[in-house]
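The values are calculated or read from the model by the stated rules, or taken from the named source; none is laboratory data. Computed from a prediction, not measured in an experiment: that's the story for all the values here. FYI the Cβ positions are ideal-geometry reconstructions off the backbone, even for glycines, and counts take in every protein chain you see. Accessible surface areas use protein heavy atoms only, side chains included; no ligands, DNA or RNA. Shrake-Rupley method; radii C 1.70, N 1.55, O 1.52, S 1.80 Å.
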Amino acid sequence: MKTNEVTVKPLTEGDYCDWYKYWQAYLSFYKTSLTEEVTQATWAKILDSNVPIYGFGAFDRTNLVGIAHVVLHPNTWNTTDCCYLEDLYVDGAARGLGIGRALIEKVYQFAEVHNCNRVY
């Protein structure tokens, strides 16, 4: 797989099963776990256009190979929102191929479109 074969786009309802697998792998990597209730609430927030939490997926053709979650929020140092890159995970078999970079670049593009003053 080459980086130029990867498309990064917002997650949709149909991505749930693969997202769930990577979400659990991400939590395991950090040696933590969350209740099923929190996991389901997280997914619901990602899909809810009224909540400023967004999910992106990196797709190798049609296969999800990485995820990123961001939160937009106000801050005391500026009049525009910040973009917080909260979670990022890439499938172990796809690491070292620029997938993480592609996800981060998408986050920066997203932040620019939403007039965020910074990404952190």
Next item on the list: Check Leu85, Leu47 and return the single one that is surrounded by fewer than 19 Cβ atoms within 10 Å (Cβ to Cβ), in contact with a helix residue (DSSP H, G or I) (Cβ under 7 Å, 6 or more places away or on another chain), of a type outside the set (Val, Ile, Thr) and under 18 Å from Leu27 (Cα atoms).
Entry: Leu85
Next item on the list: Could you tell me whether segment 14-30 includes any residue that is at negative phi, surrounded by 17 or more Cβ atoms within 10 Å (Cβ to Cβ), among the hydrophobic types (A, V, I, L, M, F, W, C) and under 14 Å from the mean Cα position of the chain (by Cα)?
Entry: yes
Check: So is Gly100 out of contact with any Asp or Glu (no Cβ under 7 Å at 6 or more places or on another chain) and open to solvent by less than 60 Å² (accessible area, probe 1.4 Å) or not?
Finding: yes
Item checked: Number of the exception - Asn63 against (1) of a type outside the set (A, V, I, L, M, F, W, C); (2) surrounded by fewer than 17 Cβ atoms within 10 Å (Cβ to Cβ); (3) farther than 26 Å from Ser28 by Cβ -> (3)
